[in-house]
1. Scanning the stretch 269-286 for residues that are over 24 Å from the mean Cα position of the chain (by Cα) and either open to solvent by 80 Å² or more (accessible area, probe 1.4 Å) or hydrophobic (A, V, I, L, M, F, W, C) (or both), which turns out nearest to M205 (Cα to Cα)?
2. Can you pull out the residues in the stretch 60-85 that are of a type in the set (V, I, T) and either open to solvent by less than 50 Å² (accessible area, probe 1.4 Å) or under 14 Å from V14 (Cβ atoms) (or both)?
3. Looking for something of a type in the set (A, V, I, L, M), open to solvent by 30 Å² or more (accessible area, probe 1.4 Å) and either at pLDDT 95 or above or more than 24 Å from the chain's Cα centre (by Cα) (or both) - is there at least one such residue anywhere in the stretch 213-221?
4. Would you call R266 among the charged types (D, E, K, R), touching a Gly at 6+ places or on another chain (Cβ under 6 Å) and open to solvent by 50 Å² or more (accessible area, probe 1.4 Å)?
5. Can you find, within the stretch 1-59, the residue that is nearest to L288 (Cα to Cα) among those that are open to solvent by less than 70 Å² (accessible area, probe 1.4 Å) and not in a helix (DSSP H, G or I)?
6. State the number of residues belonging to the stretch 95-113 that are more than 17 Å from F48 (Cα to Cα) and either open to solvent by 50 Å² or more (accessible area, probe 1.4 Å) or not in a helix (DSSP H, G or I) (or both).
7. Where in the stretch 231-319 are there helices (runs of 4 or more DSSP H), lying fully within it, with 1 or more residues that are touching a residue at least 24 places away in the same chain (Cβ under 8 Å) and either under 30 Å from S33 (Cβ atoms) or among the basic types (K, R) (or both)?
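The values are calculated or read from the model by the stated rules, or taken from the named source; none is laboratory data. Everything numeric in this text was worked out from a predicted model, so none of it was measured. We place every Cβ from the backbone using ideal geometry, glycine too, and count neighbours over all the protein chains shown. Side chains are part of the model used for accessible areas, which takes the heavy atoms of the whole protein and leaves out ligands, DNA and RNA. Shrake-Rupley method; radii C 1.70, N 1.55, O 1.52, S 1.80 Å.
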Amino acid sequence: MIAGSLLHFLVDGVCICCLYLMVPYFSGAQLVSIFLTYNILAFMTQPFTGLCADRLRVKWYLLFVADILLVSGVVLAACVHDIPCLQTTSVSMLLVASLLGMGNSCFHVWGGRQTAVQTRNDLRALGVFVSTGVLGLSVGLVFCSWILLIFFIFFICLLSMVCWRYETRETFHAERTGEEEKSVSSRWPSHWMGAAMTVLIVFVMLRSYSGEAITQGLTKTHALVLALAVVSMAGKMCGGWLARRCGIVRSMLPVVLIAIVCFVFRASSMAILLAGVFAINLTMPVTLYLANVVLKGKEGLAFGLLAAALIPGYLLAIF
């Protein structure tokens, strides 16, 4: 869990840092197409990546593919930086965005699935894993540089080897236990499973929209970007612990009401806005936990479906 959470921080940092280093070479229209290409491949492909992950016997293969794609994207970005002819066309950068997006998709599904399986769908572990990505995004954006990019890539490869080293019999035991428990949820009528997942997906879309819309209109200085990231990360981490301690219904109903109030009155003060960001993110590990309960034994698909649901709300808030 610790290695996966650190990798989440590093992978998101690499992707945003690599893309922003290429910004000076392309026009606004080209950057929009690059932005859309990356986000669609990074998030909308995760349900398909999750289906593959659930079928793979050796899960580390997915992390290996993610590393290859990410390193290839960084190498190609370096070529764009050093070779002037590659800076005259957006094709090269679209390829960089594609490699980073697919690598991001593979990593997130691997990390989300392994965290759920190895910790028996522990709310606290899920909260820790999903929390670190937003900090990686902010650090990669604020401190964007080639030195930071190389540093991040080096530690991604190092931690990936650690994950490979410790994918031992404990991992396979957890996999077998998950397969044994799969039959419990597989008895659910398919229409109930579909309805439950639909509700979760719609909720995640609304959360994604509100999480982005609540900060619209702000002048996002580096300090504010980092502050929002820390508050968001803290919300995701605390959400798992809160729901585990107090119960999902008793903890999340007040949280949702607080989030709505903060969203409505966000213009009143920065404290209310930050409280809203915190409250919105408290629900993230809970939705992932519930998706894993509904699709027990298909944790890769569950993670991928909720990840894909982030994009419609996010794009709606932006555009």
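1. Filtering first and then ranking leaves I272.
2. Those that are of a type in the set (V, I, T) and either open to solvent by less than 50 Å² (accessible area, probe 1.4 Å) or under 14 Å from V14 (Cβ atoms) (or both): I68, V71, V74, V75, V80.
3. Scanning the stretch 213-221 turns up no residue that is of a type in the set (A, V, I, L, M), open to solvent by 30 Å² or more (accessible area, probe 1.4 Å) and either at pLDDT 95 or above or more than 24 Å from the chain's Cα centre (by Cα) (or both).
4. Spelling it out, R266 is indeed among the charged types (D, E, K, R), touching a Gly at 6+ places or on another chain (Cβ under 6 Å) and open to solvent by 50 Å² or more (accessible area, probe 1.4 Å).
5. Going through the qualifying residues, I end up with T45.
6. Number satisfying all stated conditions: 1.
7. Qualifying helices (runs of 4 or more DSSP H): 270-282, 284-294, 299-318.
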